[in-house]
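Peer 1: Questions regarding the structure given below will be posed in turn.
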Amino acid sequence: MHNWDVLITDANIATLDADASGYGELHGAALAIVDGNIAWLGSNADVPAHTAATEITAEGQWLTPALIDCHTHLVFAGDRAEEYEQRLAGVSYEQIARAGGGILSTVRATRSASHEELLQASLPRLQALINDGVATVEIKSGYGLDVESEIRMLEVARELGNRTGVAVVTTLLAAHAIPPEFKNDADGYIALVCDELLPEVAARGLADSVDAYCESIAFSAEQTARVFETAAQLNLPVRLHADQLSDTGGASLAARYSALTADHLEYTSADGVAAMAAAGTTAVMVPGAFVTLGETQQPPIETLRKHGVPIAVATDCNPGTSPLTSLREAMALASRVFGLTPTECLAGTTREAARALGLLDSRGTLEIGKRADLAIWDVAHPRDLSYWLGRP
């Protein structure tokens, strides 16, 4: 006799198991939960003798792994709607950044916000993701650009998880932009990050990984490498904003340091993709930024497929280039703009997103022993999750 906490019956289940074909579909199926983990999974007809504290009938709806947003900048103050208007009038993102706008305008607003103000500004954005089926979210710092403000952002991110029950993965992105205090001394700022901020964050357990922005308007490959070497000494995995606006060799750099992910990748070369494949680095597609910036250079999707690089999909939720708080809309954009299949989109926001965060052993697919992070969808088929635009 099995003693279960929860039993869900009469469900159509998409397991997203990598060993299964397509969605890993099980029709007329059931799933049992004990202590927050999946304890049994199979056909309704094969449910063994049991007791269950709670029984739920899915009535033929689809059960999938809960979604995972593996790239967000969700904690910030202010917005950049004015810059959005400027870009529509023909001003480039790079021009805005070099004029003191862009990331630095958010830095000014974020630095002046208290812990509670940042928390209250960020909660509605996280709640929107939760309403979209998200149970795990990565949140980066990067709008503080000094020791005190970066730490405050990470503390707010941790508290967001505690307040909502969502699993929050935190990433230190101090190497996001050159702060005004170091306008003519990027190396000096990198020294501050490596010598003071990273050790403090690691000692306090505030970050699960380290990220950087390797680009002509941000940090060079050499500066990024110094950050990554320091992260390695502190046993923190790395990820990278790579090749978004130009081919800086970011994908290859990420691979050299066995990065969990390389994100954006619009200008990544075939050699960069091959390096990612060899290193086991996951590609993260962020179509919200691509669309918002009006980009035309597509990420090398076919080359990524050819080399077997896992492809994740994320919102990149941020005030400047991706004001997007719906992971389902990111899926819809990824299918329409990048040509990802609906299967790739759902896998990219479950299995591959879990891989991108180094969490595939605990979530991202529906398998016995994994966390029971689940979403039940009122749809006819999982492909509908990428098909519908703006439908709850």
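Peer 1: With runs of 4+ DSSP H residues as the only contributors, calculate the mean residue ellipticity of the chain at 222 nm using -39,500 (n - 2.57) per run, divided by the residue total and rounded to the nearest 500.
Peer 2: On the way: 16 runs with 141 residues, N = 392.
Value at 222 nm, helices only, nearest 500: -10000 deg cm²/dmol.
Peer 1: In debye to the nearest 20, how big a dipole does the chain give about its Cα centre with +1 on each Lys and Arg Cβ and -1 on each Asp and Glu Cβ? Could you put the intermediate results ahead of the total?
Peer 2: Values: 26 positive and 51 negative charges, 48 e Å.
Using Cβ point charges on Lys, Arg, Asp and Glu, the chain gives about 240 debye.
Peer 1: Follow-up question, since we're still on this one. With every protein chain present, what accessible area does residue 62 have (1.4 Å probe, heavy atoms only), rounded to the nearest 10 Å²?
Peer 2: 10
Peer 1: Continuing with this model, one more query. Debye sum, Cα scatterers, the chain, no solvent: what log₁₀ I/I(0) at q = 0.09, 0.10 1/Å?
Peer 2: Treating every Cα as an identical point scatterer, log10 I(q)/I(0) equals -0.51, -0.63.
Peer 1: Charges at C-beta only: +1 for Lys and Arg, -1 for Asp and Glu. How large is the resulting dipole of the range 8-70 about its Cα centre, in Debye rounded to 20?
Peer 2: 60
Peer 1: Place +1 on the Cβ of every Lys and Arg and -1 on the Cβ of every Asp and Glu in the range 251-392, take the dipole about the Cα centre, and give the residue among 255, 356, 368 whose Cα lies farthest towards its positive end.
Peer 2: 368
Peer 1: Could I ask something else about it? Suppose we keep just the DSSP beta bridges with both residues in the chain; what percent of those would be antiparallel, to 5?
Peer 2: Close to 35 percent.
Peer 1: Have a look at 151, 206, 322 and report the one farthest towards the positive end of the charge dipole of the chain, computed about the Cα centre with Cβ charges (Lys/Arg +1, Asp/Glu -1).
Peer 2: 322
Peer 1: Here's a follow-up. Report the gain in length on full extension from residue 183 to residue 115: 0.36 nm times residue separation, minus Cα-Cα distance, nm rounded to one decimal.
Peer 2: Net length gain for the segment: 21.9 nm.
Peer 1: To continue, here is another question. Figure the gain on full extension for residue 271 and residue 234 (residue separation times 0.36 nm, minus the Cα-Cα span) and round it to one decimal in nm.
Peer 2: 10.4 nm
Peer 1: What is the extension gain from residue 3 to residue 296, computed as 0.36 nm multiplied by their sequence separation minus the C-alpha to C-alpha distance, in nm to one decimal?
Peer 2: Full extension of this stretch gives 100.0 nm more.
Peer 1: Next question, about the same structure. Under a 1.4 Å probe, what is the accessible area of the chain per residue, stated in Å²?
Peer 2: On the way: 15080 Å² over 392 residues.
For the chain, the solvent-accessible area averages 38 Å² per residue.
Peer 1: Of the accessible area of the chain, with the probe set at 1.4 angstrom, what percent is carbon plus sulfur?
Peer 2: 49
Peer 1: Per-residue accessible area for residue 387 at 1.4 Å probe radius, Å² rounded to 10?
Peer 2: Residue 387 exposes around 140 Å² with every protein chain in place.
Peer 1: Under 1.5 on a/c is rounded, so check that first for the range 224-351, then, if it is not, pick prolate when a/b is larger than b/c and oblate when it is not; a ≥ b ≥ c are the square roots of the alpha carbon gyration tensor eigenvalues.
Peer 2: Note, shape of the range 224-351 comes out prolate.
Peer 1: Over what distance in Å are the Cα centres of the range 1-69 and the range 154-173 separated?
Peer 2: Each part's Cα centre sits 28 Å from the other's.
Peer 1: Normalised by the number of residues in the range 246-363, what is the relative contact order in percent for Cα pairs under 8 Å and 6+ residues apart? The partial results should precede the final answer.
Peer 2: Numbers: 208 pairs, mean separation 27.8, N = 118.
Over the range 246-363, the number comes to 24 percent.
The values are calculated or read from the model by the stated rules, or taken from the named source; none is laboratory data. From a predicted model like this one, the values you see are computed outputs, not experimental measurements. Virtual Cβ from ideal backbone geometry, glycine too; neighbours counted across all protein chains shown. Accessible surface is based on the protein model in full, side chains and every heavy atom, while ligands, DNA and RNA are left aside. Shrake-Rupley method; radii C 1.70, N 1.55, O 1.52, S 1.80 Å.
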